[in-house]
Amino acid sequence: MRSKSIFYLFILLSFSIILIGCTNKKEPYDNGPENIFPRIGLWKLSGIDNIKREYNADMVIKNIHNENFDGYFDWYRVESSEFIGREYFSGYFINDSNKIVLNGNKVENNVSTLALATYEANITKKKNIFYNGKWYGGGGVPSNNWKATWINQ
C-alpha cells in the first residue's frame, strides 16, 4: 500500500511540474521570430552634450538584419526647437551585454554643426528604453547623457 501511495505522489508531482512549465509565460521580448530586437519604429531621444546643450531627436529604426539594423535621427535643439539635420546610422545589438552601438554614416539638411558620431547605450530588459547613452567622435561635442524611449507601443 505504501508503494502505491508513493507512486501516486510521484505522478501528482510530475503532473504539477508539467503544469508549471506550461503556464510559464514568456514576455513579448523573449526569443522568437515575432520578438526581434531592436524594435522597428519611432523612438524619442533626449540628450545633453558635455557643454550642456540639450538635444532631442526622432530616432527611426527602419530595417533589421539579425542583430544589425539601420535608420536615422532627426535632430532638434531643445532651446529653439530648431531642426538641425538628419543623420543616418547603422547599428548592431550586443545581446550578451544588452547594449547597442550605432555609427552615423551620412548627414542631410545640416543647418548647424551636426557631426557624424558613434552612439552607445544600454537597453532595458523589455527592449523599449535606451539608457546610459553616450556619443562621441566626428569632431562634435561628446555626450555621456542620452536616452531614448520607443513610442510605437
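Every number here is computed from the coordinates shown, using simple stated rules; none is lab data. Predicted model only: the values in this text are computed from it and were never measured. Heads up, the Cβs are rebuilt from the backbone with ideal geometry, glycines too, and the neighbour counts pull from every protein chain shown.
Could you compute the net charge surrounding Trp75? Neighbours are other residues with a C-beta less than 14 Å from the C-beta of Trp75; K and R count +1, D and E count -1. Charge balance near Trp75 sits at -3. For the pair Asp49 and Thr124 in one chain, pulling the backbone fully straight at 0.36 nm per residue adds 24.8 nm over the alpha carbon distance. Convex hull volume of the C-alpha atoms in the stretch 41-150, normalised per residue: 89 Å³.
Which residue, Leu116, Trp146, Phe93, has the largest displacement toward the positive end of the dipole of the stretch 75-149 when charges sit on each Cβ (Lys, Arg +1; Asp, Glu -1)? The Cα lying farthest towards the positive end belongs to Phe93. Remark: the stretch 64-117 is approximated by an ellipsoid whose semi-axes, taken from the C-alpha gyration tensor as √(5λ), come to 26, 12, 8 Å, largest first. Each Cα pair under 8 Å and six or more residues apart adds its separation to the average, and for the stretch 41-150 the resulting relative contact order is 23 percent.
If R0 equals 30 Å, the separation of the Cβ atoms of Val78 and Leu116 corresponds to a calculated FRET efficiency of about 0.90.
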